[in-house]
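The values are calculated or read from the model by the stated rules, or taken from the named source; none is laboratory data. This one's a predicted model, so the numbers in the text were calculated from it and none came from an experiment. FYI the Cβ positions are ideal-geometry reconstructions off the backbone, even for glycines, and counts take in every protein chain you see. Ligands, DNA and RNA are stripped out before the accessible areas are found, and what is left, the full protein with its side chains, is counted by its heavy atoms. Shrake-Rupley method; radii C 1.70, N 1.55, O 1.52, S 1.80 Å.
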Amino acid sequence: MNRHDSIEERTFAALPPAHGRGFAQTWWGRAWLAALEDGALDGEQVRTGRRLARAGAVGAVSVRPGRITAVVQDRDRTPRRADVLLDRLSDAQWDRFLDLAVERVGHVAALLDREMPPHLVEDAETAGIDLLPGLGDLEAECDCGAWDHCGHTAAVCYQVARLLDQDPFVLLLLRGRAEQTLLDDLQARGTVARTDAEPLRAEGVDAAEAYAAGSILPALPAAPELPEEPGVPPSLDTEAPAPPGVESAALEILAARTAATAHLMLAQALRDGSGRSAPTVELAVGQDAARLAAGVLESAQAADPPATAVVGRLAAGSGRSREQLASAAQAWCHGGAAALSVLEEEWTVEGEALARARAALDAAWEEDERPVLRARGNRWTVVGAACQLRLGRDGRWWPYRKEGGRWMPAGDAAHDPATALTVARPDSEEALS
């Protein structure tokens, strides 16, 4: 029997109630919850599950390849066995994943530090390996008889998000491999040299041959492999003066951002297999300035005088101050055009949207833990604290924190107001107790 066929299982003791805080602090924990919240057909059942998990109604959680099991106590103390299922990766997918993991030393080091490196997840997705669940991937089974996610299975998912925050190997076990098995395989791949690599050779046909062949050319060769990193544009720092109207520093930054975007588009095309990408939406001037500024400010050269000059031009061209552009760039990093709209547009919440917002706020906390909120438009400010929730037009909540007298984006959006507010609080980086 292959050692990967043996059943591996971990059981986690029941966690204490999660009063007054969100369930996911890490980006991969929030991605797990997004798969639940976006894929469930009944939002009320999801909210019920959140309340049950927050009250400590989820017992010990058992995790094994493809399945999570726990007993959840209803409000009337009736125990319910709830299972959440997720497809296991195939042996071929695990082989590709392990090869990707050992390509960069930092990937293994991050996993050992109980971190899920985002580049590893992105590289795996490009190779057709989905580590994190997507829409509809979390299947539910419960002895209450529900055919979709009920409050019991949703409660288990919220509890698992806390476990994932502490240890991403829980996700890898659920996908089919235990921690020690993975570490053994990673060590073997890291110490054994590859001997089966073939030398690169030029592909294609002679030009004269191609011309003579006319319309009977053979099929195009297979698509090339995705480069590990985007290309580096040539330096324009030369002794020759730039042509009139051309700013070399701005051109270098624009070329670098274009290369990064092209790399991402190629990765998506190779993954889809069709070579086609979704149609792009043309950005307004203010949106494009925020996008470009985000790329400049996150680079290692953001403090250089040329980059500073480019940021100044972007601010002036979009009608913003430097401080306003920095806020816009930070919002763009958290959620693109949707996050930028939440930063710069205040709108009146009315009718059905207001009813849904109030219901979400009422369900997010227990009565004795609900913060005092002062509402204005789509913004709910915590009385006595430098924290704020902003409601997007899509119904998601965005965390904001006051810094230096200005409201600044504090994180990604969440469907649960309590989760978003936890990110906005100054102590949101504290580890789970």
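Residues checked against (1) open to solvent by 60 Å² or more (accessible area, probe 1.4 Å); (2) hydrophobic (A, V, I, L, M, F, W, C):
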residue: D38; (1), (2): yes, no
residue: V46; (1), (2): no, yes
residue: V72; (1), (2): no, yes
residue: D76; (1), (2): yes, no
residue: R81; (1), (2): yes, no
residue: Q93; (1), (2): no, no
residue: R104; (1), (2): no, no
residue: A109; (1), (2): no, yes
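Return only the number of the condition from (1) open to solvent by less than 50 Å² (accessible area, probe 1.4 Å); (2) assigned to a helix (DSSP H, G or I) that V349 does not satisfy.
If we test V349 against (1) open to solvent by less than 50 Å² (accessible area, probe 1.4 Å); (2) assigned to a helix (DSSP H, G or I), just (2) comes out false.
Would you check if G136 is modelled with pLDDT under 90, within 20 Å of the chain's Cα centre (by Cα), closer than 22 Å to R67 by Cβ and open to solvent by 40 Å² or more (accessible area, probe 1.4 Å)? Quick ask: steps written out before the conclusion?
On the way: modelled with pLDDT under 90: yes; within 20 Å of the chain's Cα centre (by Cα): yes; closer than 22 Å to R67 by Cβ: yes; open to solvent by 40 Å² or more (accessible area, probe 1.4 Å): yes.
So G136 passes the test.
Of all residues in region 64-100 being in contact (Cβ under 8 Å) with a residue 12 or more places away in the chain and among the acidic types (D, E), which is nearest to E225 (Cα to Cα)?
Here the residue is D99.
Spot the failing condition for R370; the list is (1) at pLDDT below 90; (2) under 18 Å from A410 (Cβ atoms); (3) outside any helix (DSSP H, G or I), and only one is missed.
That leaves (2) as the condition not met.
Mind listing whichever residues of region 131-180 are within 28 Å of L111 (Cβ to Cβ) and aromatic (F, W, Y)?
Y158, F169
Yes or no, residue by residue, for (1) open to solvent by 20 Å² or more (accessible area, probe 1.4 Å); (2) assigned to a helix (DSSP H, G or I); (3) not aliphatic (A, V, I, L, M):
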residue: E122; (1), (2), (3): yes, yes, yes
residue: G128; (1), (2), (3): yes, no, yes
residue: L131; (1), (2), (3): no, no, no
residue: A140; (1), (2), (3): yes, no, no
residue: G145; (1), (2), (3): yes, no, yes
residue: D148; (1), (2), (3): yes, no, yes
residue: A161; (1), (2), (3): no, yes, no
residue: V170; (1), (2), (3): no, yes, no
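Could you list, in sequence order, the residues of region 13-35 that are in contact with a Lys or Arg (Cβ under 7 Å, 6 or more places away or on another chain) and open to solvent by 60 Å² or more (accessible area, probe 1.4 Å)?
P17, H19
Test of understanding: among W397, W407, which residue is surrounded by 14 or more Cβ atoms within 10 Å (Cβ to Cβ), farther than 20 Å from E44 by Cβ and at pLDDT 90 or above?
Working: W397 fails: farther than 20 Å from E44 by Cβ.
Answer to the check: W407.
In region 316-334, how many are assigned to a helix (DSSP H, G or I) and in contact with a helix residue (DSSP H, G or I) (Cβ under 8 Å, 6 or more places away or on another chain)?
Matching residues across region 316-334 total 12.
Just one of (1) more than 24 Å from R322 (Cβ to Cβ); (2) assigned to a loop (DSSP other than H, G, I, E, B); (3) not acidic (D, E) trips up A357, so point out which.
Unmet for A357, out of (1) more than 24 Å from R322 (Cβ to Cβ); (2) assigned to a loop (DSSP other than H, G, I, E, B); (3) not acidic (D, E): (2).
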